[in-house]
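Structure below; questions to follow.
Any read-out appearing in this document is the output of simple, stated calculations on the displayed coordinates, not a laboratory observation. Because the structure is predicted, anything quoted here is derived from the model rather than measured. Please note: Cβ atoms are built from the backbone with ideal geometry, for glycine as well, and neighbour counts cover all protein chains shown.
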Amino acid sequence: MTDVRAGSLRRRLLLGAALWITVALLVSGGAVAWLLTRAVETQVYDGLAAEVDRLVAAIEIAPDRQIRVAPLPPSPEFAKPYSGHYWEVLGPAGVLLRSRSLWDGVLELPSDVLADGELHRHRGTAPDGRPVNVVERAVVPVGLEHPLRVVVAVDRAVITEVTRPAVVTLAVALAILAAGLVVAAWLQVSAGPVSGIALGEHDALGGGWPDEVAELAGELDRVLWSNRRMIETARRQAADLAHALKTRLAVAANEADALHAVDAQAAASLAEELAAAQRLLDRHLARVRAGGGVPGLRRQVPAAPVVGRVADVVLRLSERPLSLDRQLAADSLFLGDRADLEEIAGNLLDNAVKWAARRVRVRVAREADQLRFSVEDDGPGIPATERGRVLDAGVRLDERAVGSGLGLAIVGELVAAYGGRVELDDSPLGGLRVSVVLPAIAAH
Amino acid sequence: MRILVVEDDARLAQQLHLALESAGYAVDRCGDGAEANFLGETEPYDAVVLDLGLPTRDGLSVLRAWRGAGIDFPVIVLTARDSWHEKVEGIDAGADDYLAKPFRIEELLARVRAVLRRAGGRSGDVMQFGPIEIDTRRKQVTRDGVPVALTAHEYRVLAYLAHRAGTTVSRSELTEHIYAQDFDRDSNTLEVFVARLRRKLAPELIRTERGLGYRLDPDPFAAPTGD
């Protein structure tokens, strides 16, 4: 479950969501704008039709068969040149009368044949080249044989002027809606339980997924579950094997002790071999137990109570009258297997308790997304030149305190499994300070 | 002092049995969790050596059951499962000490002495009663520095009375703590042991409380205070 994969999946989901939200909102926004424009257009056409009827009513045929319009439409727009409001009266030969606003130009109209009294709508062009909406009616006034086309037109800008503020408002509202939806999609995608598993907050993805994802989530959960089971089985088998082997070792070691009276040298070398076998067993067991590399086994473990409890047990088992200084920050977390933290703490504290003269200090603190855990004592310490060797397998710098070398080597193994590090330096108390840096929060 | 050894490996159990017996303890042995649970609930042991990996019932659950029932004899957990996680778990379950396999018998004997010492509220392996000295580590009794030879049963009677120094120990309690379970007990022999101890060490060392039992005072040779 690498973060790279989770990240790209998240990005793809997010991109897809953003795309669909944009398309859906564009389509619905376009439809609303179109309907709005249609409604305004219809109103404008109705207004134009009324003007046409007024014009028709104002047409007079003089006895000389001259046609005139009296009175002229009262609207001042028809008098102002290129105002955007125009009218014309056309005979079979062309334009007979026109509004002053047309100046000396004419409207460009599609050719049309209308029955008497019929009303038509068109798109046309004004003399200044701008698009116009047109309504015309054909009439055959008394005294004429041929029909007249009475035309009223208005600049389309008049329509746009009415609709633009509404369309702009609509666009802004839809853009805000789109942004909100994309943010919601991002929250939905990024706060999923997949990252929760890496963070140690969940064991499984669980149910409640959309059908398309449910199958995959279920499959993943089965893999996680069998993974965990496999590791637990392996650990249990290792523990069982160790139990059996160590019991045999215990019997053999006691036999070696009994042999001491007969052949001291043979008994000693036998005991040495048995001790070496035990160290080997301990070391490999520690390696098997290290759950650090397995994300499914990682949990967010509060470090302070775990370390505190281990310190209690170490002190109790050692029976040494030491003063233990605890500096355990309550917010310190460890991302991993609780048993591994207990093992690290137990080994470090056990070492310190064996070597300390009077004082031991244990400290747990959170450093950014890491846990810093240190144990120090006022014992003899380890010379700087020897420190590198201590973390090697089972090197004992002094045989006085049994098993101390192995303890640090086990800590080294465990810490390495978590990608952490071990630091050895001088303690202000006078002895050795061992510091361990471990992951606390998953790196993204 | 009577000790229960719970260990399913027959060979190791045998070694432990012999070592503890020669250190002066009465020893019961069992290799099964359910049986151990029953024995712990019915017999008054002074300490228990408990292996965790047992057939029929896990040692930790047996330990929790004992503690849950208010049984408070000291328990030394003996196990190959020696990770710190398991040690913490063992102590939390009520163990008094934890010994990882493989171990040296001397180490186990020292731990047994330590838990008994703590249970009796003493600080050392040597108990002093006037001129009489009982060294539980060497299983040796001296009078004015001169070793006194005691039989195994005489030593057990003395060690138990010394362990409970200052309190009156009934004959039945004494019997239960000096004999192993399968031993053919005869309470009359108790009087014989006490009589021999008085003769070998000092007549005033062990007092008889009529109808109640025996008592070893912390300072049996002090002048009577009058109360």
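Quick one: length gained pulling A:Ser75 to A:Arg236 fully straight, 0.36 nm per residue minus the C-alpha distance?
That works out to 48.1 nm of additional length.
Would you mind telling me which residue in A:Leu35, A:Leu281, A:Leu322 has the biggest mean-square fluctuation in a Gaussian network model of chain A, where springs connect alpha carbons within a distance under 10 angstrom?
Among A:Leu35, A:Leu281, A:Leu322, the largest GNM mean-square fluctuation belongs to A:Leu35.
May I ask you to derive the FRET efficiency for A:Ala244 and A:Thr22 from their Cβ-Cβ distance with R0 = 51 Å, giving the value to the nearest 0.05?
0.15
Right, another one. Per residue of the range A:357-372, what does 6.51 cos²θ - 1.76 cosθ + 1.60 with θ = phi - 60° give for ³J(HN,Hα)? Whole Hz please, x for Gly and Pro, Karplus curve as stated.
7, 9, 10, 9, 10, 10, 9, 10, 8, 8, 10, 6, 9, 10, 10, 10
Follow-up. Which far-off residues, 5 or more places away or on another chain, put their amide H under 5 Å from the one on A:Leu333, with H placed in the peptide plane?
Amide H to amide H, under 5 Å and 5 or more residues apart or across chains, A:Leu333 pairs with A:Ala303.
Rg to Rh for the protein assembly as shown: what is it, with Cα atoms only and Rh by Kirkwood?
Reported Rg/Rh (Cα atoms, Kirkwood Rh): 1.46.
Also: How much mean residue ellipticity at 222 nm does chain A get from its helices, if each DSSP H run of length 4 or more adds -39500 (n - 2.57) and you divide by all residues, to the nearest 500 deg cm²/dmol?
Calculated at 222 nm, the ellipticity per residue is -18000 deg cm²/dmol.
Starting at the first residue of the range B:88-104, write each ³J(HN,Hα) from the Karplus equation 6.51 cos²θ - 1.76 cosθ + 1.60 with θ = phi - 60°, in whole Hz, x for Gly and Pro.
Each residue of the range B:88-104 in turn: 4, 4, x, 5, 4, 6, x, 6, 8, 8, 9, 10, 8, 7, x, 9, 8 Hz.
Can you list residues whose amide H is under 5 Å from B:Leu52's amide H, if they're 5+ apart or on another chain and H is modeled 1.01 Å from N?
B:Leu78, B:Ala80
In degrees from 0 to 90, rounded to the nearest 10, what is the angle of the helix A:303-318 Cα long axis to the longest principal axis of chain A?
Long axis of A:303-318 versus the principal axis of chain A: about 10 degrees.
Kirkwood hydrodynamic radius, computed over distinct alpha-carbon pairs, for the range A:290-385: how many Å, to one decimal?
Result for the range A:290-385, one decimal place: 13.9 Å.
Given the -39500 (n - 2.57) contribution per DSSP H run of 4+ residues, what per-residue ellipticity at 222 nm results for chain B, rounded to the nearest 500 deg cm²/dmol?
Taken over chain B, the calculation gives -12500 deg cm²/dmol.
Among A:His284, A:His146, which comes first, then next, by fewest other beta-carbon atoms within 10 Å?
Neighbour counts put them in this order, fewest first: A:His146, A:His284.
By how many degrees, between 0 and 90 and to the nearest 10, does the Cα long axis of helix A:156-190 differ from the longest principal axis of chain A?
Taking the Cα atoms of chain A, the angle to A:156-190 is about 10 degrees.
Sequence neighbours fewer than 8 away in the same chain don't count; with that in mind, list the lysines whose C-alpha is under 28 Å from B:Lys200.
Leaving aside lysines fewer than 8 places away in the same chain, those within reach of B:Lys200 are B:Lys139.
A follow-up question, please. Roughly how many nanometres apart are two label points built 7 Å out from the Cα toward the Cβ at B:Thr142 and A:Asp426?
Between B:Thr142 and A:Asp426, the label points sit 4.7 nm apart.
Net charge near A:Gly381, counting Lys/Arg +1 and Asp/Glu -1 over other residues with Cβ under 11 Å of its Cβ?
Residues close to A:Gly381 contribute a combined charge of -4.
Let me ask something additional. Read phi for every residue in the range A:114-124 and hand back ³J(HN,Hα) as whole Hz from Karplus 6.51 cos²θ - 1.76 cosθ + 1.60, θ = phi - 60°, with x for Gly and Pro.
With the stated coefficients, the range A:114-124 comes to 10, 6, 4, x, 6, 10, 10, 10, 9, 10, x Hz.
Can you tell me the FRET efficiency between B:Arg122 and B:Thr56 if r is taken as the Cβ-Cβ distance and R0 is 35 Å, rounded to the nearest 0.05?
So the FRET efficiency works out to roughly 0.45.
Please give me the summed charge of the neighbours of A:Ala304: other residues whose Cβ is under 9 Å from its Cβ, Lys and Arg +1, Asp and Glu -1.
0
Roughly how crowded by other chains is peptide B:87-93, in terms of the mean Cβ count from those chains within 10 Å of each of its Cβ atoms?
So the per-residue partner count for this stretch is 5.
Follow-up. Would you please state which residues of the range B:27-43 a label at B:Ile71 would reach in this model, taking the label point 7 Å out along Cα→Cβ and a backbone N cut-off of under 11 Å?
B:34-43
So how do B:Glu133, B:Glu154 line up by other beta-carbon neighbours within 10 Å, fewest first?
B:Glu133, B:Glu154
If we count other beta carbons within 10 Å of each Cβ, what is the order of A:Arg236, B:Arg67, A:Arg372, fewest first?
A:Arg236, B:Arg67, A:Arg372
Please give the contour-minus-distance gain from A:Ser318 to A:Val95: 0.36 nm per residue of separation, less the Cα-Cα distance, rounded to one decimal in nm.
Using 0.36 nm per residue and subtracting the Cα-Cα distance, I get 68.5 nm.
Pull out the extension gain between A:Thr169 and A:Ala357, defined as 0.36 nm times the separation in residues minus the alpha carbon to alpha carbon distance; nm, one decimal.
Additional length available on full extension: 59.7 nm.
For the range A:93-135, give the magnitude of the charge dipole about the Cα centre (Cβ charges: +1 Lys/Arg, -1 Asp/Glu; no others), in debye to the nearest 20.
180 debye
At 7 Å along the Cα-to-beta-carbon direction for both B:Thr167 and A:Ala49, put a label point, then send me their distance in nm to one decimal.
11.5 nm
Using a Gaussian network model on chain A with a 10 Å cutoff between Cα atoms, which of A:Val154, A:Val142, A:Val162 fluctuates the most?
A:Val142
Any idea what the relative contact order of chain A is, in percent, if you count C-alpha pairs under 8 Å spaced at least 6 apart?
Answer for chain A is 10 percent.
Using a 7 Å offset from Cα along Cα-Cβ at B:Phe221, what residues in the range B:129-171 end up with backbone N under 16 Å from the label point?
In the range B:129-171, the label zone of B:Phe221 (backbone N under 16 Å from the point 7 Å along Cα→Cβ) covers B:129-135, B:141-148.
Just to verify a number: FRET efficiency for A:Ala268 and A:Arg11, C-beta to C-beta distance, R0 = 51 Å, to 0.05?
0.15
Now a separate question. Relative to the longest principal axis of the C-alpha atoms of chain B, give the angle of the C-alpha long axis of helix B:105-120, reported between 0 and 90° and rounded to the nearest 10°.
60 degrees
Which one, A:Pro302, A:Gly379, A:Leu274, is farthest towards the positive end of the dipole of the protein assembly as shown when Lys and Arg carry +1 and Asp and Glu -1 on their Cβ?
It is A:Gly379, whose Cα lies furthest towards the positive end.
By a straight-distance test (C-alpha under 27 Å), which lysines pair with B:Lys87 as possible cross-link partners, with residues fewer than eight away in the same chain excluded?
Those lysines meeting the cut-off are A:Lys246, A:Lys354, B:Lys101.
Residue farthest toward the positive end of the dipole of chain A, with Cβ of Lys/Arg at +1 and Asp/Glu at -1: which of A:Ala31, A:Val411, A:Ala138?
So the residue we want is A:Val411.
Can I ask one more? What nm distance separates the two modelled labels at B:Leu212 and B:Phe38, each placed 7 Å from Cα along Cα→Cβ?
Each label point is offset 7 Å from its Cα along the Cβ direction, giving 3.7 nm.
How high is the relative contact order of chain B, in percent, with contacts defined as C-alpha pairs under 8 Å that are six or more residues apart?
Computed value for chain B: 17 percent relative contact order.
Return the single residue from A:Leu72, A:Leu324, A:Leu15 with maximal mean-square fluctuation; model: Gaussian network over chain A, springs between Cα atoms under 10 Å.
Looking only at A:Leu72, A:Leu324, A:Leu15, the biggest GNM fluctuation is shown by A:Leu72.
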